[in-house]
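What follows is a single structure, written as structure tokens, with notes after it.
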Amino acid sequence: MSDAVDAVIGQWATERPDLVDGLWPVELFGRIQRMGVLVDRTVKATAAQHGLDVGEFDVLTTLQRSGPPYALTAGTFLKASMVSSGTITNRIDKMEAKGLVERVRDGADRRTVKIHLTERGHEVTRAAFADHLENYARLLADVDRELVDKAADGLRQVMEALGDTSIK
């Protein structure tokens, strides 16, 4: 059995046989990139069904999984994402206008503003995240669970080697 990455590697092997020994990283990274595109497409569609874009879905799920009081600073979102502070501000502005989040000043330090999940935000997050999990399960329905577990473990090890460890 072969996939699109095998075809790409075959083409490079024909075009540049001198680089065949250096193509081995494409086996992993090529598949990760292609899988990212596939998954991203379905995540966007699921988010859109709930009136969200992927960035908004990320903010909502980050707030929800943070637990009570479901509030984090914009700086926390900056550390967890790879976007600029302006992007975070615009995203929060749009979400506040939709009634999904609200900005709340910290009582102890009025300079600190926390992004708080509203009740509507909770409702949307619960529904969107349930659909998101169903979507992931659908994508992997024909893949052996043991293989998925092994792939996840292998990717965890690669991510650790690349320095991407848990977010604190």
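The values are calculated or read from the model by the stated rules, or taken from the named source; none is laboratory data. Here the structure is a predicted model, which means the values were calculated and not measured. Note that each Cβ is placed from the backbone with ideal geometry, even for glycine, and that neighbours are counted across all protein chains shown. Ligands, DNA and RNA are excluded from the accessible area calculation, which covers all protein heavy atoms including side chains. Shrake-Rupley method; radii C 1.70, N 1.55, O 1.52, S 1.80 Å.
Here are a few things to note about the model shown:
- Residue that is surrounded by the fewest Cβ atoms within 10 Å (Cβ to Cβ) [pool: residues in the stretch 135-168 that are basic (K, R) and assigned to a helix (DSSP H, G or I)]: R145
- Residue in the stretch 29-41 that is part of a helix (DSSP H, G or I) and under 19 Å from K98 (Cα atoms) present: no
- The residue that is nearest to T165 (Cα to Cα), among those in the stretch 86-96 that are open to solvent by 50 Å² or more (accessible area, probe 1.4 Å) and without any contact (Cβ under 8 Å) to a residue 12 or more places away in the chain, is N90.
- Residue check, R120 free of Cβ contacts under 8 Å to residues at least 24 places away in the same chain and surrounded by 12 or more Cβ atoms within 10 Å (Cβ to Cβ): yes
- Qualifying positions in the stretch 63-80 - modelled with pLDDT of 90 or more, open to solvent by 20 Å² or more (accessible area, probe 1.4 Å) and part of a helix (DSSP H, G or I): Q64, R65
- Tabulated pairs, the stretch 37-55, first without any contact (Cβ under 8 Å) to a residue 24 or more places away in the chain and farther than 12 Å from V124 by Cβ, second open to solvent by 30 Å² or more (accessible area, probe 1.4 Å) and of a type in the set (A, V, I, L, M), C-beta under 6 angstrom, 6+ apart or interchain: K44/V54
- When V59, V43, V39, V83 are checked against the criterion of being under 19 Å from the mean Cα position of the chain (by Cα), modelled with pLDDT under 95, within 20 Å of Y136 (Cβ to Cβ) and surrounded by 13 or more Cβ atoms within 10 Å (Cβ to Cβ), V59 stands alone in meeting it.
- Long-range neighbours under 9 Å by Cβ, at least six apart or interchain, first residue over 24 Å from A80 (Cα atoms) within the stretch 145-168, second at pLDDT 95 or above: V148/L140
- Any hit, the stretch 1-24, residues being in contact with a Lys or Arg (Cβ under 6 Å, 6 or more places away or on another chain) and part of a helix (DSSP H, G or I): yes
- Just one of the listed residues (V113, V5, V20, V101) is under 26 Å from L155 (Cα atoms) and surrounded by 13 or more Cβ atoms within 10 Å (Cβ to Cβ), namely V5.
- Selection within the stretch 23-36: residues that are more than 21 Å from L139 (Cα to Cα) and free of Cβ contacts under 8 Å to residues at least 12 places away in the same chain. The member of this set that is surrounded by the most Cβ atoms within 10 Å (Cβ to Cβ) is W24.
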